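Visitor: Submitted below is the structure of interest, expressed as structure tokens.
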Amino acid sequence: MTKNDSLRVEPDKVPFKVLSSGAKMPALGLGTFGSDRFSHEQVAEAVEDAIRRGYRHIDCASVYMNEAHIGKALSKVLKEGAVEREALWITGKVWNDQHREVEKACRQTLKDLQLDYLDLYLMHWPFPNYHAPGCDGDARNPDSRPFSVEEFMDTWQQMEALVEAGLVKHLGTSNMTIAKFELVWPLMKIKPVANEMELHPSFQQPELFDYLVAKGIQPIGYSPIGSPNRPERDKTPEDVVDVEDPVVQRIASRLDVHPAVVCIKWAVQRGQVPIPFSVKREQYMGSLRALTEEPLTLQEMEDMKLADKNCRLIKGQVFLWEGAQGWEDLWDLDGKVTE
């Protein structure tokens, strides 16, 4: 086997999660949020190469501004027969400033990605609060406002119409809290099959995780290795570094792998679907290969609970409204929706 061959994983060896609908979601996705550090072309090239080497799950979003480039990559591998459309799991998201025109947003995403349908469409944030691309952490939009059940459900019902129109197979949420779910769950005709959320060893969100599982909602974890290259506005002195955690490093030493690989193994074994981002072949294929190699032991999975420092890295403060006290108001830490 050549080194080139070793950087490929047979798709049928990659585990999957069975959703409440019965559909099978590949247990690892390739994230595409990286255009603040890499060109759109680099991200698209990584998507194309990753699919050729075994990836079947690609996580996209219109706000990343690279869907048209990714669409060219998807079109190429599909036209060449490198993969069948039905074998791919493609996720899209409606951005905050398009909550009032969801169908228009979805159709633009489909046009850009050169697809007839999306496997999963998420509400990227549960409110229409918008911030300018690249703004600093102190930026505030005067039109931002607290969570509203009425506004959320108006957007959700537009999303439900996408399923009925055949544009989307499944619906999901992102960056939700238990308090918000409790308010809107009884009103949803089509229930979400997944919730995308920050999940990594130092921020395990066990209460929300267990709540989702009990509701039949698949947790999808962004920033699965602690997002070391996240925007500067999201960094604070109190943040911890997942790959430097003693438990993570001890397991990495036993397995003779990079600590980031331990984070991916842990995530999948725990039951979430991580979506790491990289444009480097060795890194994104290392993540995929991790799923087919030696797992963490039951004791190591138990030990990983000690890595949880309740350290939220993506705080979302740019979405705050006038009168909000701080980023904590976005996350309903006292169990009640902040007004």
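Visitor: Would you pick out the residues in region 290-327 that are among the basic types (Lys, Arg), crowded, with 18+ Cβ neighbours inside 10 Å and either over 24 Å from Asp234 (Cα atoms) or at pLDDT 95 or above (or both)?
Guide: Our first condition is that a residue be among the basic types (Lys, Arg); within region 290-327, this holds for 305, 309, 312, 315.
Then keep just the ones that are crowded, with 18+ Cβ neighbours inside 10 Å; that gives 312, 315.
Result: Arg312, single match.
Visitor: For the subset of region 264-281 comprising residues that are β-branched (Val, Ile, Thr) and outside any helix (DSSP H, G or I), which member is surrounded by the fewest Cβ atoms within 10 Å (Cβ to Cβ)?
Guide: From region 264-281, those β-branched (Val, Ile, Thr) are 264, 268, 273, 275, 279; that's our starting set.
Remaining after also requiring outside any helix (DSSP H, G or I): 273, 275, 279.
Numbers: Val273: 26, Ile275: 24, Val279: 21.
Only one residue tops the list, namely Val279.
Visitor: If I filter region 125-136 for residues that are under 25 Å from Ala46 (Cα atoms) and surrounded by fewer than 21 Cβ atoms within 10 Å (Cβ to Cβ), do I get at least one hit?
Guide: Start the filter on region 125-136 by keeping residues that are under 25 Å from Ala46 (Cα atoms), which leaves 133-134.
Okay, now just the ones that are also surrounded by fewer than 21 Cβ atoms within 10 Å (Cβ to Cβ), so 133-134.
Yes, region 125-136 contains at least one residue that is under 25 Å from Ala46 (Cα atoms) and surrounded by fewer than 21 Cβ atoms within 10 Å (Cβ to Cβ).
Visitor: Take Ala46 and decide whether it is of a type in the set (A, V, I, L, M, F, W, C), in contact with a Gly (Cβ under 9 Å, 6 or more places away or on another chain), farther than 26 Å from Ala132 by Cβ and buried (at least 21 other Cβ atoms within 10 Å of the Cβ).
Guide: yes
Visitor: Could you list, in sequence order, the residues of region 209-235 that are closer than 24 Å to Phe16 by Cα, out of contact with any helix residue (DSSP H, G or I) (no Cβ under 6 Å at 6 or more places or on another chain) and free of Cβ contacts under 8 Å to residues at least 40 places away in the same chain?
Guide: Taking region 209-235 and keeping what is closer than 24 Å to Phe16 by Cα, we get 209-227.
Remaining after also requiring out of contact with any helix residue (DSSP H, G or I) (no Cβ under 6 Å at 6 or more places or on another chain): 209-210, 212-218, 220, 222-223, 227.
Selection gives Asp210, Leu212, Ala214, Lys215.
Visitor: Take the residues in region 23-42 that are modelled with pLDDT of 95 or more and among the charged types (D, E, K, R), then tell me which one is nearest to Leu113 (Cα to Cα).
Guide: Applying the filter and picking the extreme gives Glu41.
Visitor: Also: From (1) more than 20 Å from Glu196 (Cα to Cα); (2) in contact with a Phe, Trp or Tyr (Cβ under 8 Å, 6 or more places away or on another chain); (3) of a type in the set (A, V, I, L, M), pick out the condition that doesn't hold for Ala161.
Guide: (2)
Visitor: Residue by residue through region 65-109, note down the ones that are in a loop (DSSP other than H, G, I, E, B) and under 20 Å from Phe319 (Cβ atoms). I'd like the intermediate steps shown before the answer.
Guide: Of all residues in region 65-109, those in a loop (DSSP other than H, G, I, E, B) come to 65-66, 80-84, 88, 95, 99-101.
Within region 65-109, Met65, Trp95, His99, Arg100, Glu101 qualify.
Visitor: Please work out which residue is farthest from the chain's Cα centre (by Cα), limiting yourself to region 234-248 and to residues that are within 14 Å of Leu306 (Cβ to Cβ) and surrounded by 13 or more Cβ atoms within 10 Å (Cβ to Cβ).
Guide: Filtering region 234-248 for residues that are within 14 Å of Leu306 (Cβ to Cβ) and surrounded by 13 or more Cβ atoms within 10 Å (Cβ to Cβ), the one farthest from the chain's Cα centre (by Cα) comes out as Val247.
Visitor: Kindly establish whether Arg145 is closer than 22 Å to Pro276 by Cβ and charged (D, E, K, R). If you could, list the steps in order and put the result at the bottom.
Guide: Values: closer than 22 Å to Pro276 by Cβ: no; charged (D, E, K, R): yes.
So Arg145 fails the test.
Visitor: I'd like the residue in region 163-219 that is of a type in the set (Ser, Thr, Tyr) and out of contact with any strand residue (DSSP E or B) (no Cβ under 7 Å at 6 or more places or on another chain) and, out of all such residues, is surrounded by the fewest Cβ atoms within 10 Å (Cβ to Cβ). Step through it out loud before you land on a result.
Guide: Restricting attention to region 163-219, the residues satisfying the condition of being of a type in the set (Ser, Thr, Tyr) are 173-174, 177, 202, 211.
Filter once more, so that each one left must be out of contact with any strand residue (DSSP E or B) (no Cβ under 7 Å at 6 or more places or on another chain): 177, 202, 211.
Details: Thr177: 24, Ser202: 21, Tyr211: 18.
Here the answer is Tyr211.
Visitor: Within region 74-85, does at least one residue satisfy the condition of being small (Gly, Ala, Ser) and at positive phi? Please lay out each step first, then the result.
Guide: Applying the first criterion (small (Gly, Ala, Ser)) to region 74-85 yields 75, 81-82.
Restricting the remaining residues to those that are at positive phi gives 81.
The answer is yes; a qualifying residue exists.
Visitor: Let me ask something additional. Only one of these conditions is not met by Asp154: (1) touching a strand residue (DSSP E or B) at 6+ places or on another chain (Cβ under 8 Å); (2) surrounded by fewer than 21 Cβ atoms within 10 Å (Cβ to Cβ). Which number is it?
Guide: (1) is the only condition that Asp154 fails.
For every residue, the table says whether it meets (1) among the aromatic types (Phe, Trp, Tyr); (2) in contact (Cβ under 8 Å) with a residue 12 or more places away in the chain; (3) in contact with a Leu (Cβ under 6 Å, 6 or more places away or on another chain).
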{"residue": "Pro237", "(1), (2), (3)": "no, no, no"}
{"residue": "Val240", "(1), (2), (3)": "no, yes, no"}
{"residue": "Val247", "(1), (2), (3)": "no, yes, yes"}
{"residue": "Leu255", "(1), (2), (3)": "no, yes, no"}
{"residue": "Val262", "(1), (2), (3)": "no, yes, no"}
{"residue": "Arg270", "(1), (2), (3)": "no, yes, no"}
{"residue": "Val273", "(1), (2), (3)": "no, yes, no"}
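Visitor: Now a separate question. Name the single residue that is farthest from Cys60 (Cα to Cα) among those in region 184-208 being touching a residue at least 60 places away in the same chain (Cβ under 8 Å) and polar (S, T, N, Q). Talk me through it step by step, then tell me what you get.
Guide: Pass one, region 184-208, residues touching a residue at least 60 places away in the same chain (Cβ under 8 Å): 191, 193-194, 196, 198-204, 206.
Cutting the leftovers down to polar (S, T, N, Q) gives us 202, 204.
Working: Ser202: 25, Gln204: 23 Å.
Within region 184-208, the match that is farthest from Cys60 (Cα to Cα) is Ser202.
Visitor: Sticking with this structure for a sec: Check Lys72, Lys17, Lys93 and return the single one that is among the basic types (Lys, Arg) and over 21 Å from the mean Cα position of the chain (by Cα). Break it down stepwise before answering.
Guide: Numbers: Lys17 fails: over 21 Å from the mean Cα position of the chain (by Cα); Lys93 fails: over 21 Å from the mean Cα position of the chain (by Cα).
Within the list Lys72, Lys17, Lys93, the selection yields Lys72.
The values are calculated or read from the model by the stated rules, or taken from the named source; none is laboratory data. Quick caveat, the model's predicted, so the values are computed rather than measured. Reconstructed Cβ throughout: ideal geometry from the backbone, glycine too, with neighbour counts over all protein chains shown.
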